[in-house]
Structures are given as C-alpha cells and as structure tokens.
Amino acid sequence: MNFEAFKKISYGLYIVSSKKNSKINGQIANTVFQVSADPPLIAVCINKENLTHEFIENSKVFCISVLAKDAPLRIIGQFGFRSGRDYNKFKNIDYTIGKTGAPIVLSFTIAYLDARVIGNMNVGTHTFFVGKVVDSDIIKKGEPMTYAYYHRVKGGKTPVKAPTYIKEDREVNGLDKYVCKICGYIYDPDKGDPDNGIAPDTMFENLPDDWVCPICGATKDQFEKVKQ
Ligand code: FE
C-alpha cells in the first residue's frame, strides 16, 4: 500500500459544529462533501473520541461553516487542536445559532450549511454522518480554504485524530526550524508567522518571548529544534 496515493484526494476545510442541550461545540474537519442534490444531503466523518461527535449523536444536528482561504492558523488551532471538554472554543468567536440550534461560525468563514442527521454509519474510529440541509447561506464573498492550501501555504498540520492522518514526513530542509512538541506545527524562519506579525527571515531565537504557537497556543519553551 502506498499512502502517497491517499494524499491525492482533494478536500476543503470546515468547522463542524453541534449542540447538546444548552452547550455548543465545534471542530475542524476536512471530510465534508455533498451527497445528493434532491434532497440536499451532506456528509461528514467525525472521530468518536471528539466532543462534537457526542453532541451530534445526542442532538442529531450539525452545521458546516466553510472556512475562508485567508483564515488564520489560530482559528484552525482553536477549533482543531483543542478539546471543547476543557476549553470554550467559541471564546472571541463571532457566531450565531442556526435553525437546528447548532452554532454557525461567522469569523473567517464564507458560507454555512445547517443539517439534521438522517443516517449514519459506524466506520470504526469514526462515524460517518449524513444530514439533510435545512438552511444554508453565503456569509461573505471569498474563496474557500482547501486542505492542500492549508498544508502547503499555511504550513498547517494534520491532527492525529483526523480521518486523513498519515504519519507525516517530519524531515525538513533548511536550518533552524523548530517544531511544537504539542501540536507538531513547524516554525519556519523563511516564512515567519505573518498572521501574528512575525516577518519572514525571523530566526526562532529572535521571536518575542510572548510569541506562542499559532496553532495550539503553546509557549516558546514547548518548541524544539528540528534535527537536520
Ligand atoms: Fe503547537
């Protein structure tokens, strides 16, 4: 088996949200696609360990918020690399409650599809949920984020619990890159961290002391030099 073949499948990048009683939660997912047009059905695949999975199973609703191409890494980190069990993911996030009761994320998103679950399939580590869209709209003009763009341009990583996780090649070229021991984000001095005001060609050692991992919020001491 050649896992490189799996990487040739294209995806987008989304926030999948749901609710349970009065609580809301959401997570990043790339495995979202339209199943049929009439009725309008969409599908999403969610890890069983995730809080959002518990919420979707309980409320039988989910909302897909489509991330904009220019969404900063920190929003992907906030929803993708932290758990809603010990962190309010909607802190500092602009959102509204949709028709199903699931939250629609309005920060750094361009569209949403709000759905009720009509069926699901147990696929081992994950559950594949199919939902009928009851409401959808454009939030603002813009291009959607693609999974490929997130990885190649934004330098994003795949969480271990994502369906598409394949042990990534951590061999990198060049000097003085640093990897976050918490989430695997690699600080590349050639690129800097423009989302957070760090210009390209800034060495890791010269980052401000209060700089944190743009994905998971870890402090500088949680980084280690990538071995060449
Ligand atoms: Fe990190």
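Taken together, the values in this text are just the output of simple stated rules run on the coordinates, not laboratory data. Computed from a prediction, not measured in an experiment: that's the story for all the values here. FYI the Cβ positions are ideal-geometry reconstructions off the backbone, even for glycines, and counts take in every protein chain you see.
Relative contact order (percent) for the chain, with alpha-carbon contacts under 8 angstrom and 6 or more residues of separation? Mind dumping the intermediate values first?
Working: 471 pairs, mean separation 44.8, N = 228.
RCO, the chain: 20 percent.
With the chain treated as a Gaussian network of Cα nodes joined by springs under 10 Å, which of S22, S107, S136 yields the largest mean-square fluctuation?
Answer for the Gaussian network model of the chain: S22.
Starting from the alpha-carbon convex hull of region 1-125, give the projected area averaged over all orientations, in nm². All intermediate terms of the calculation are to be shown ahead of the outcome.
Details: hull surface 34.8 nm².
Across all orientations, region 1-125 yields a mean hull projection of 8.7 nm².
Please label the shape of region 85-135 as rounded, prolate or oblate, based on the square roots a ≥ b ≥ c of the eigenvalues of the alpha-carbon gyration tensor (a/c under 1.5 means rounded; beyond that, a/b larger than b/c means prolate, else oblate).
Values: a/c = 2.47, a/b = 1.39, b/c = 1.78.
In terms of gyration-tensor shape, oblate.
Can you check what the net charge comes to around P208, using other residues whose Cβ is under 12 Å from the Cβ of P208 (Lys, Arg +1; Asp, Glu -1)? Walk me through the numbers before you get to the answer.
Values: positive: K220; negative: D193, E205, D209, D210.
Residues close to P208 contribute a combined charge of -3.
Quick one: if you stick a label point 7 Å off each Cα along the C-beta vector at K91 and Y165, how many nm between them?
2.4
Can you compute the FRET efficiency between D135 and D195 using 1/(1 + (r/R0)^6), with r the Cβ-Cβ distance and R0 = 25 Å? Round to the nearest 0.05.
Details: r = 31 Å, r/R0 = 1.24.
Plugging the Cβ-Cβ distance into 1/(1 + (r/R0)^6) gives 0.20.
State the answer as a single residue: which of A37, G192, V160 lies farthest towards the positive end of the charge dipole of the chain, with beta carbon charges of +1 for Lys and Arg and -1 for Asp and Glu, about the Cα centre.
Final value for the positive-end residue is A37.
Taking the Cβ of I93 as the center, what net charge do the other residues with Cβ under 14 Å away carry, scoring Lys and Arg +1 and Asp and Glu -1?
On the way: positive: R74, R82, K89, K91; negative: D94.
That sum, taken over residues with Cβ under 14 Å, equals +3.
Project the alpha carbons of the chain onto their principal axes and report the range along each, largest first, in whole Å.
Principal axes ranked by extent give 53, 43, 33 Å for the Cα atoms.
What residues qualify as long-range amide H neighbours of Y178, i.e. H under 5 Å apart, gap of 5 or more or another chain, H built at 1.01 Å from N?
Y187, V226
For Cα pairs less than 8 Å apart in space and 6+ apart in sequence, what is the mean separation divided by the residue count of region 92-136, i.e. the relative contact order in percent?
Values: 68 pairs, mean separation 14.7, N = 45.
After rounding, I find 33 percent.
Cross-link list K48/K154; K20/K69; K141/K191; K141/K161; K20/K89: which exceed 24 angstrom alpha carbon to alpha carbon?
Numbers: K48/K154 27 Å; K20/K69 29 Å; K141/K191 27 Å; K141/K161 31 Å; K20/K89 15 Å.
Violating the 24 Å Cα-Cα cut-off are K48/K154; K20/K69; K141/K191; K141/K161.
Go through region 130-142 residue by residue and turn each phi into a ³J(HN,Hα) via Karplus (6.51, -1.76, 1.60, θ = phi - 60°); whole Hz please, and just put x for glycine and proline.
10, x, 8, 6, 9, 7, 7, 6, 7, 8, 7, 5, x
According to the Cα gyration tensor, what semi-axes, each the square root of 5 times an eigenvalue, does the equivalent ellipsoid of region 74-162 have, listed from largest to smallest in whole Å? Kindly include the intermediate steps, with their values, before the conclusion.
Details: eigenvalues 91, 77, 49 Å².
So the three semi-axes of region 74-162 are 21, 20, 16 Å.
Where Lys and Arg each count +1 and Asp and Glu each count -1, what net charge lies around K191 among other residues with Cβ under 13 Å from its Cβ? Could you put the intermediate results ahead of the total?
Details: positive: R152, K154, K177; negative: D176, D188, D190, D193, D195, D201.
Counting the neighbours of K191, the net charge comes to -3.
Sorted by average packing, counted as other Cβ atoms within 10 angstrom per residue and highest first, what order do 216-222, 26-32, 200-206 take? Walk me through the numbers before you get to the answer.
Details: 216-222: 15.9, 26-32: 23.3, 200-206: 12.4.
Output ranking for 216-222, 26-32, 200-206: 26-32, 216-222, 200-206.
Rounded to the nearest 500, what is the chain's calculated 222 nm mean residue ellipticity when only DSSP H runs of at least 4 contribute -39500 (n - 2.57) each, over all residues?
Values: 3 runs with 23 residues, N = 228.
Per the formula, -2500 deg cm²/dmol.
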